[in-house]
1. Considering only DSSP beta bridges where both residues belong to the chain, give the percentage that are antiparallel (nearest 5).
2. Under a 5 Å amide H to amide H cut-off, with H placed in plane at 1.01 Å, what residues pair with Ala36 once short-range neighbours are removed?
3. Report, as a whole number in µm² per second, the diffusion coefficient that Stokes-Einstein gives for the stretch 1-147 at 10 °C and 1.306 mPa s using the Kirkwood radius over alpha carbon pairs.
4. Jot down the radius of gyration and Dmax of the stretch 103-222, Cα atoms only, both in angstrom.
5. What list of ³J(HN,Hα) values in whole Hz, one per residue of the stretch 250-259 in order, does the Karplus curve 6.51 cos²θ - 1.76 cosθ + 1.60 (θ = phi - 60°) give from phi, with Gly and Pro shown as x?
6. What percent of all Cα-Cα pairs in the stretch 30-111 falls into each 5 Å bin, going from 0 up to the bin containing the maximum distance?
7. Summing -39500 (n - 2.57) over the DSSP H runs of n ≥ 4 in the chain and dividing by its residue number, what mean residue ellipticity at 222 nm do you reach, to the nearest 500 deg cm²/dmol?
8. In nm, to one decimal, how far is the modelled label at Ile146 from the one at Arg163, with both set 7 Å along Cα→Cβ?
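Values quoted throughout were computed directly from the atomic coordinates according to the rules given, and no laboratory measurement underlies them. Worth saying up front: this structure is predicted, and the values here are computed from it rather than measured. Glycine gets a Cβ as well: all are built from the backbone with ideal geometry, and neighbour counts include every protein chain shown.
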Amino acid sequence: MTDSITLRRPDDWHLHLRDGAMLAAVAPHSAGFGRAIIMPNLVPPVVTGTQAAAYRDRILAALPKGAALQPQMTLYLTDATDPADVVSAFRDGIIRAVKLYPAGATTNSASGVTDFDRVQPVLEAMAEAGVTLCVHGEVTDPAVDIFDREAVFIDRVLDPLRRRTPGLRVAMEHITTSDGVDYARAGGDDLAASITTHHLVINRNAILAGGIRPHYYCLPVAKRESHRLALRKAATGGEARFFLGTDSAPHPDSAKLQPCGCAGCFTAPNTMSILAHVFEEDGALDRLEAFASLNGAAFYRLPPNDDRITLVRRDTPAAYPAQIEAGEETVTVFDPGFPLFWHLED
Ligand SMILES: [Zn+2]
């Protein structure tokens, strides 16, 4: 049995670090990743290059000395986004991508796009300059069942958008269905998809069976088991178009444990231990590096990280905290429901 694996330092192509006291609390837990695409859904959202640069400075200040993490900033696409600002922020190295949230799709997404005709000039400028569009792929139409919103988004929004914007590079974020897997697989080199750690582990029963479990509630919501298995196959199969984006999304427990609780799983602390378990279970440990460290960088046209990390399988489980403190609040760490024998070495 393999008991040690060394990989290029992994990247996280979808991460929420928040701001203020929460940023200070959670940033150190992502410090061991090489690069991370930082989500712009603050209150108010990060919509200009100037705001992205200021947010990057706050993140760098919150990281411990010697942290590997290089934040890759994004702009929040709104009906009022200026194409020239996007292109100059990209060319100046301030941003790596632009994020599309359909209005109202998830946490702090009220400023999202309501009118795709108005953002078409931005998308065309991005296609021309090679800026990636990161897409939260769910429709917000209340008539569409929440478990169908990803599949309907692909048909109604994503596919038409890609057809009318040839050359636009699109990252389907945190796909959760076999429909998402199939659509990503059928695309060309300008299409890829990220997959979270938790969607490889839980299906919707984790949220609903035997009592309601708010810490497993996230958006897009976990789907039925057949979809989880499709994601597992995509992630562990070594295909270049699938890569890690944890969507680690911390909320204070006081906001999760409510009659109307927030969506998000906080997976930053134990993601690599969980992934090693998942890939080992699927007989694919040799493909973990492709998923976590190589495929995403290649899609973003970046070299892989130079340095490496080592995971070691021990007889005793790694001791991750159940919660971390964030100012006056606590944040619950994602519990995969099995012991984590893979330890991340320092
Ligand atoms: Zn997210």
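1. On the way: 12 of 38 bridges.
Once the DSSP bridges in the chain are tallied, antiparallel ones form about 30 percent.
2. When sequence neighbours closer than 5 places are left aside, the close amide H contacts are Asp12, Gln70, Gln72.
3. Working: Rh = 16.3 Å.
Diffusion coefficient, whole number: 97 µm²/s.
4. 15.2, 51
5. x, 10, x, 4, 5, 9, 7, 8, 9, x
6. 3, 16, 26, 22, 18, 11, 4, 1
7. Numbers: 12 runs with 100 residues, N = 346.
Calculated at 222 nm, the ellipticity per residue is -8000 deg cm²/dmol.
8. A separation of 3.1 nm, rounded to one decimal place.
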